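A.B. asks: Here it is: the structure, laid out below.
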Amino acid sequence: MEEMLYFPSIISKLFVLLTFLHALLKLKTKKRINQYLFYILCISVFAELSNAYLKFYDLPYSTFTTFSVVVSIILWFRILHMIFNAKKLIIATIILFSLFAFMNLLFMEGPIEFNYYTLILGAFLYILFFVFESFNQLKRDNFYFFQSNKYILIVSPIIFFLGLSLLFFFKSHYLNSNNIIENVKLFTYFSISVNVIFYSSLNYYILKENK
C-alpha cells in the first residue's frame, strides 16, 4: 500500500477515468441531476488529462485548474438547487461565488497561481448548505431523505471539499510538504484519500441509480 502512495497523480487520474467511464456506460443522463453529475465528471477527466499534458511540457496550468474548479463547484450548487428548498438563496450564492472567483482571479491571488481561496469559499458554502438542509430534514423527521440516493450524491464531495480546504487554508509549503510517512508528503496522503473517497462515493451512487 505504501508503494502506491508514491504515485498520487496516477492513482487520482485512474479513479477519475474509471468513474467517468462508469458514468458514460451506466449513468441515466435523462435525469437533469445526473446530467450535472456527468458534466462534473467530464470536466474532471478533461482537467486531469489537460494538466498532465501541460505539466509534461512544463506549461502553466494554474488558471485552467482554477477555472475547472469554479465550474465544478457551480454545478454542485446546481445539484443542491434541484434538491434543497432554499432555491433563491442557492441562486444568489452561485452569483456571489462567481463574482468572488472572478475578482480573485483578476485582483487577489491572480491568474498565475491556483486560486486557493476560491476553492475554500466554494467548499465552505457547499458544506454550509448541506449541514443546514440536513438539520431541516431531521427536524421534519424525514429519515427517508438520508436513505435516498440523492443524499449519497450530495454527501459525496463533502470529504473532498473539507479535506482540501483544510489543507489549503493554511497555504503553507512546510505543512503541505511535511512527511506523514517516510517519503510520503502530507499533501500526497490527503490528495489520495479525498479522491478515493469522493470517486468511490460517486461510483456507489451510479450503481444505485441502476437498481
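A.B. asks: What are the residues in region 111-129 that are free of Cβ contacts under 8 Å to residues at least 40 places away in the same chain, more than 11 Å from PHE77 (Cα to Cα) and surrounded by 15 or more Cβ atoms within 10 Å (Cβ to Cβ), if any?
C.D. replies: TYR117, LEU121
A.B. asks: Still on this model: Within region 68-108, take every residue that is free of Cβ contacts under 8 Å to residues at least 12 places away in the same chain and more than 28 Å from TYR151 (Cβ to Cβ) and give me the one that is surrounded by the fewest Cβ atoms within 10 Å (Cβ to Cβ).
C.D. replies: Checked region 68-108; the qualifying residue surrounded by the fewest Cβ atoms within 10 Å (Cβ to Cβ) is PHE107.
A.B. asks: So, in region 130-154, exactly how many residues are touching a residue at least 24 places away in the same chain (Cβ under 8 Å) and open to solvent by 40 Å² or more (accessible area, probe 1.4 Å)?
C.D. replies: 2
A.B. asks: Related question: Please verify whether region 50-57 includes one or more residues that are surrounded by fewer than 18 Cβ atoms within 10 Å (Cβ to Cβ) and modelled with pLDDT of 85 or more.
C.D. replies: No: zero hits.
A.B. asks: Out of region 117-170, which residues are more than 18 Å from the chain's Cα centre (by Cα) and of a type in the set (A, V, I, L, M)?
C.D. replies: LEU138 - this is the single residue of region 117-170 that is more than 18 Å from the chain's Cα centre (by Cα) and of a type in the set (A, V, I, L, M).
A.B. asks: What are the residues in region 78-107 that are within 18 Å of GLN35 (Cα to Cα) and outside any helix (DSSP H, G or I), if any?
C.D. replies: PHE84
A.B. asks: I've got another one for you. Need the failing condition index for LEU18 against (1) at pLDDT below 90; (2) in contact with a helix residue (DSSP H, G or I) (Cβ under 9 Å, 6 or more places away or on another chain), just the number.
C.D. replies: (1)
A.B. asks: Residues to consider are PHE97, PHE84, PHE146; find the one that is under 22 Å from SER165 (Cβ atoms) and either out of contact with any helix residue (DSSP H, G or I) (no Cβ under 7 Å at 6 or more places or on another chain) or at pLDDT below 95 (or both).
C.D. replies: PHE84
A.B. asks: Give the residues of region 1-15 that are open to solvent by less than 80 Å² (accessible area, probe 1.4 Å) and either among the basic types (Lys, Arg) or at pLDDT below 80 (or both), sorted by residue number.
C.D. replies: GLU2, LEU5, PRO8, SER9, ILE11, SER12, LYS13
A.B. asks: Moving on. Going through region 25-39 one residue at a time, which ones are among the hydrophobic types (A, V, I, L, M, F, W, C) and open to solvent by 100 Å² or more (accessible area, probe 1.4 Å)?
C.D. replies: LEU25
The values are calculated or read from the model by the stated rules, or taken from the named source; none is laboratory data. In this text, all values refer to a predicted model and were calculated from it rather than measured experimentally. Here the Cβ is made from the backbone with ideal geometry for all residues, glycine too, and neighbour counts use every protein chain on show. Each accessible area value is taken on the protein alone, full model and side chains, heavy atoms only, with ligands, DNA and RNA left out. Shrake-Rupley method; radii C 1.70, N 1.55, O 1.52, S 1.80 Å.
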